[in-house]
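Heads up, the thing below is written out as structure tokens.
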Amino acid sequence: MKKFALASYALYLLGGLVITAVGSVLPQLLTHYHVSYTVGGQLVLLGSLGFLIGVPLSSFLLGRFKEMNLLTVSALMIALSQIGMLLLPPFEWIIAFNFLNGIGVAVLEVVVATLMMEVFIGRRAIVMSYLEVSFGLGALLMPLVASLLISQNSWRFSFFITSVLALLMVVVCKMIPFKKETVLTSESDASDANSEPPPVLAKNQRWKILALFSVMIFMYAGVESSMNNFLSSIFIAYLDVIPSQATLSISVFWVAMLIGRVATGWIIRIVTYERYLFGSIGGTIVSLVLFIVLKEAVAGYILLGFLGLAMSGIYSITMVYANHTFTGSARIVTSLITGFSGLGGAVFPALIGFTMDVSGITSALWYITAFACLYLLALCIIFFVQRDAKQKANNHLQPMK
């Protein structure tokens, strides 16, 4: 099982690398093909569309093929797409390869996350935090590697690195035997704090709660993707920071995210999912409000660090919390969470970009804060519904006097 877990972390590292590969060299790619940023936006959008198609596709295939075979195919799809972009074919093929890459990453994420939910039941939050660390590390490393290669006028070899790693993972997935029935259960010493059984929800409540979890992850993805795409612009236009320093904002945010994700694996052993999420989204909202109100560069970088720490574990713990609530439904729950995350990541940057053009950056920042508040509202509703369900169950179990 340790080999399988390590392979899963490596696959998520690959996902983080390839999901940022095109964006890291997008200016060079557009210059090479003599196309506009509008066309570049379409390239990124079709990559997101591939991801969105890959989520339900992977859910459909999970019940029909072996998990390790699906992971092998997804790694092979990523390898082919990265090799294809390395060769710099006609731009239409670049679009097609990026679309294929999105599907491959979606299948990889859904299958790995689903297996983690089904296998490491007592350690879901811990292993998911490790997966998120791996993905974040890949997302942080690729721009750094690409920057070095760009300085050597060898930017296309960014795709060579990712293709080699993807081919390596094809081999690894074929070599590692995996059977869920062989999982050892002697790891309870490192289990999550939230060991109590989930509340029994009425049938009509179950779908409402699942919809609320989908709203939560949709809103969270909106906040994260908006920050990822517009941090540099926000620091330049809102805080009057020079462009060379503004780019550091993305690094500050992701370093804080990585530190927070490492800490999540420890924190979740001593607090419940609800407390963790309330604290995280509360810290997110406070950091955003102070960022808007203070409007000062040094404070902005400090608050951005706090924001990254606060947001770091929200995605993984939301997924774990949803799976804990709907025991035995890991495949549908994990697919929904992943799908709505991809949808939010695709939709919200377009909305925020439009808002920045029409109403200004201040309005856009308040919109981002509103997304976080909607997450908090959905979390509150889930918390109170589950609390009422627990109270009703306890009253029903009490003996009649």
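When V35 is tested against (1) in a helix (DSSP H, G or I); (2) farther than 22 Å from M169 by Cβ; (3) not charged (D, E, K, R), only condition (1) is not met.
Give region 128-155 a look and list any residue that's in contact with a Ser or Thr (Cβ under 8 Å, 6 or more places away or on another chain) and open to solvent by 40 Å² or more (accessible area, probe 1.4 Å), or say none. Result: P143, V145, S147. Of the residues making up region 5-19, just one is surrounded by fewer than 22 Cβ atoms within 10 Å (Cβ to Cβ) and closer than 15 Å to L70 by Cα, namely A7. Would a scan of region 291-305 turn up a residue that is β-branched (V, I, T), under 22 Å from Y220 (Cβ atoms) and open to solvent by 40 Å² or more (accessible area, probe 1.4 Å)? Taking every residue of region 291-305 in turn, none turns out to be β-branched (V, I, T), under 22 Å from Y220 (Cβ atoms) and open to solvent by 40 Å² or more (accessible area, probe 1.4 Å). Among the residues making up region 326-358, a single one is open to solvent by less than 30 Å² (accessible area, probe 1.4 Å), among the aromatic types (F, W, Y) and assigned to a helix (DSSP H, G or I): F348.
Might you let me know whether region 91-110 holds any residue that is over 18 Å from L343 (Cβ atoms), open to solvent by less than 40 Å² (accessible area, probe 1.4 Å), in a loop (DSSP other than H, G, I, E, B) and not hydroxyl-bearing (S, T, Y)? No - not one qualifying residue is present in region 91-110.
If you go through region 374-392 and keep only what is among the aliphatic types (A, V, I, L, M) and either at pLDDT below 80 or open to solvent by less than 40 Å² (accessible area, probe 1.4 Å) (or both), you end up with A378, L379, I382, V385, A389. Annotation: T114 fulfils all but one of (1) modelled with pLDDT of 90 or more; (2) among the hydroxyl-bearing types (S, T, Y); (3) in contact with a Lys or Arg (Cβ under 7 Å, 6 or more places away or on another chain); the unmet one is (1).
Counting only helices (runs of 4 or more DSSP H) wholly contained in region 197-288, the ones carrying 2 or more residues that are in contact (Cβ under 8 Å) with a residue 40 or more places away in the chain and open to solvent by 30 Å² or more (accessible area, probe 1.4 Å) occupy 203-237, 248-267.
If you go through region 252-289 one residue at a time, how many are at pLDDT 90 or above and polar (S, T, N, Q)? The total comes to 3.
Kindly indicate whether S8 is of a type in the set (S, T, N, Q), at pLDDT below 85 and assigned to a helix (DSSP H, G or I). So S8 fails the test.
Scanning region 156-179 for residues that are open to solvent by 70 Å² or more (accessible area, probe 1.4 Å) and not in a helix (DSSP H, G or I) turns up P177, K179. Suppose the filter is farther than 17 Å from G308 by Cβ and either small (G, A, S) or at pLDDT 90 or above (or both); does Y220 pass it? No, not satisfied. The set of residues in region 21-47 that are polar (S, T, N, Q) and either surrounded by 21 or more Cβ atoms within 10 Å (Cβ to Cβ) or at pLDDT below 80 (or both) comprises S24, S36, T38, Q42.
Within region 111-127, can you find the residues that are open to solvent by less than 10 Å² (accessible area, probe 1.4 Å) and more than 16 Å from A7 (Cβ to Cβ)? Those that are open to solvent by less than 10 Å² (accessible area, probe 1.4 Å) and more than 16 Å from A7 (Cβ to Cβ): M117, A125, I126. Looking across T362, T318, one residue alone is assigned to a helix (DSSP H, G or I), surrounded by fewer than 17 Cβ atoms within 10 Å (Cβ to Cβ) and at pLDDT 85 or above. It is T362. Do we have any residue at all in region 335-358 that's polar (S, T, N, Q) and within 12 Å of L210 (Cβ to Cβ)? Yes, region 335-358 has at least one match.
The values are calculated or read from the model by the stated rules, or taken from the named source; none is laboratory data. Owing to the predicted nature of the structure, the values given are computational and were not obtained by experimental measurement. Using ideal geometry, Cβ is built from the backbone for each residue, glycine included, and neighbour counts are taken over all protein chains shown. Note: accessible area is taken over every heavy atom of the protein model, side chains too, but ligands, DNA and RNA are not part of it. Shrake-Rupley method; radii C 1.70, N 1.55, O 1.52, S 1.80 Å.
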